[in-house]
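Asker: Can you read through this structure? Questions will come right after.
Laboratory data are not the source of any read-out in this text; all were calculated from the coordinates shown. Because the structure is predicted, anything quoted here is derived from the model rather than measured. Cβ placement follows ideal geometry from the backbone for every residue including glycine, while neighbour counts extend to all protein chains displayed.
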Amino acid sequence: MTNMYHSNESNNILFDLRHQVEQEALNLRKEMEGIKVGYEQLDLKNRTAKEELNELGGKLCLLQGRARVKKNQINQKRNDIRVMRWKSFEIQQENDALKSQLLTIEKQGVNVADIRRRYNLQND
């Protein structure tokens, strides 16, 4: 009987060990499945973040291009204003020179009003 009892006891220990190993394996499978699901979720978030980053990068490039175009337009307008100011200055200089010449002619005794009437020029 002791032999049979010993055999039953060994079987129980083996059964318990087998059951324990199966439980550990089941727990590990569940844990691995959880890790896999977590990894897949992280991977999806990562891909989504990369797509968003690429989209934002494209928008940034577009905005930088538009800013460059606007900057060039502003610089061109500044240059146009400079040119117009210079032309205005030159015209003013010519106007002053002509007025000086008219004064010189009047001092020499020439009647400028008669010349204007003769050629239908208006007084500015």
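Asker: Under 10 Å, Cα contacts only: if you run a Gaussian network model on the chain, which one of ASP43, ASP96, ASP114 comes out with the highest mean-square fluctuation?
Answerer: ASP114
Asker: Taking Cα atoms, how many degrees apart are the long axis of helix 2-107 and the longest axis of the chain, rounded to 10 and kept between 0 and 90?
Answerer: For 2-107 against the chain, the angle is about 0 degrees.
Asker: Using a Förster distance of 35 angstrom, determine the FRET efficiency expected from the C-beta separation of ASN120 and ASP96, and round it to 0.05. Kindly include the intermediate steps, with their values, before the conclusion.
Answerer: Details: r = 24 Å, r/R0 = 0.70.
It comes to 0.90.
Asker: I'd like to know which of GLN20, GLN93, ALA67 lies farthest towards the positive end of the charge dipole of the chain, counting +1 on Cβ of Lys and Arg and -1 on Cβ of Asp and Glu.
Answerer: GLN93
Asker: I've got another one for you. Given the convex hull of the Cα atoms of the chain, what is a quarter of its surface area in nm²?
Answerer: Details: hull surface 56.6 nm².
Taking a quarter of the hull surface, the average projection is 14.1 nm².
Asker: Okay, moving on. Out of GLY109, GLY58, GLY34, any idea which swings most in a Gaussian network model of the chain, alpha carbons joined below 10 Å?
Answerer: Fluctuation is largest for GLY109.
Asker: For the stretch 2-112: lysine pairs with Cα atoms under 22 Å, gap of 8 or more or different chains, count?
Answerer: Within the stretch 2-112, the lysine pair count is 9.
Asker: Any number yet on Rg/Rh for the stretch 14-69, C-alpha, Kirkwood?
Answerer: Values: Rg = 23.9 Å, Rh = 15.1 Å.
With Rh from the inverse mean 1/r over Cα pairs, Rg/Rh is 1.58.
Asker: Using a Gaussian network for the chain with springs between C-alpha atoms less than 10 Å apart, which of these wobbles most: GLN41, GLN20, GLN76?
Answerer: It is GLN20.
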